[in-house]
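First the structure, in the form of structure tokens, and then the observations on it.
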């Protein structure tokens, strides 16, 4: 009986990995496809940036909705809905003839992808005992590392023989396989009593997040921090802040809120939310490292991109190892170590000068640190702290805070780089600042529960 359950759980893990890999690959393959897209579709520079931004925006909007629906209507139905939406978005992008249709497809993709990773993490919480969750979550984290390693290679190979549309069409047969096996394998338990859905809360959180995302993506980094006061930016931040206060007011008073704010009454969840923000800011750094390498080592852009390979390998190797360690020593030490390695790796990049060994050492340290944060530790903590009926919502919160950190970090780096006459000086200033933020978050992480306390809270939540 035990071997049968283990075999089925292995199949479910393989299924979840495939879905997560599909979604993660679609982030890493877009960059190489941009030049080919520009050759067939007329795209201005602003629209070009929205090919990335609109995916993130709708991912943010969808994560709370689909996570909550998963807790109410069952993992299987919402995972299948998320994969279906992602496939529809992929088809719209592949067959688009102008930029507006392409952006529509990217928006649908982002919305669909917002349910894939949180639901996959919640399923792990459902089917694996507490002492084995870290390993499974770590393996999912490794999938992201693999995606960013093989994504550009797959894109380059396919673009050599096919048009850019094929990069998105390939999602359709993969999605079909995922849907077939999702129906066969995934649990489909619904809440015993499904309450009325909190549509006002959903609308408010969509306004809040979309205003924030649009505002932060509209900042002209050339204007420095005064860019926040631009009439193209400030009104959206005001709308976002006003929506936040109204959202908190209403969610505290509704019987079935889309986001249970009382979760944040728990110190462990408040701390892990701050860690997720910091981790997102650290992850945003990787976008800029290749350009920094161009200025330091005087290499081409393509060569600089390959200089990230040690970082990505470190993520792919470190994620499953850190997941196993969580099951043995707990999450607090892994979080603290991950933040220390990431922050120290940034310091090495700051002082690397023209030293390749120091540059690569810093990149590997950042990769190992990122692997300890992105896939397993924070999601493991959240699974332990929430009730089974709120598992997907808890995973959605991690995704939400990490995404906000990524956008904020990218904007901060852009502003600091634009504020310096020499871009390299701007990058160094930005990396130093984010490393200091990471060290502060690291010290805050000492407030997390130790292993004994963690095991006790996990038993209570289960």
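Summed over qualifying helices (DSSP H, 4 residues or more, each -39500 (n - 2.57)) and divided by its residue number, the chain shows a 222 nm mean residue ellipticity of -27500 deg cm²/dmol. Based on Cα contacts under 8 Å between residues 6+ apart, the chain shows a relative contact order of 22 percent. Taking every alpha-carbon pair under 8 Å whose residues sit at least 6 apart, the range 262-462 reaches a relative contact order of 36 percent.
With all projection directions averaged, the alpha carbon convex hull of the range 1-185 covers 10.7 nm².
Ordering 327-333, 237-243 by mean Cβ neighbour count within 10 Å, with the highest value first, yields 327-333, 237-243.
Summary value for the range 1-185: 36 percent relative contact order, contacts being C-alpha pairs under 8 angstrom separated by 6+ residues.
Per-peptide packing, taken as the mean over residues of other Cβ atoms within 10 Å, places 379-388, 260-269 in the sequence 379-388, 260-269 from highest down. Label zone of residue 329 (point 7 Å out along Cα→Cβ, amide N under 11 Å): in the range 335-374 this covers 335-338. The range 338-369 and the range 384-401 have Cα centres separated by 31 Å. Considering only C-alpha atoms, what is the centroid distance from the range 60-107 to the range 419-444, in Å? Between the Cα centres of the range 60-107 and the range 419-444 lies a distance of 35 Å. Relative to the compact-globule estimate of 2.2 N^0.38 Å, the Cα radius of gyration of the range 120-257 comes out at 1.52. If the Kirkwood radius is taken over C-alpha pairs of the range 222-335, then at 20 °C and 1.002 mPa s the Stokes-Einstein diffusion coefficient equals 114 µm²/s.
Give the calculated FRET efficiency between residue 432 and residue 360 to the nearest 0.05, with a Förster radius of 25 Å applied to their Cβ-Cβ distance.
0.85
Across q = 0.08, 0.12 Å⁻¹, the chain modelled as identical point scatterers on its alpha-carbon atoms has Debye log10 I(q)/I(0) values of -0.44, -1.07, in the order of the q list.
A short reminder: the numbers here are calculations on the coordinates, not readings from a lab. Here the structure is a predicted model, which means the values were calculated and not measured. Cβ coordinates were reconstructed from backbone atoms using ideal geometry, including for glycine residues, and neighbour counts include every protein chain displayed.
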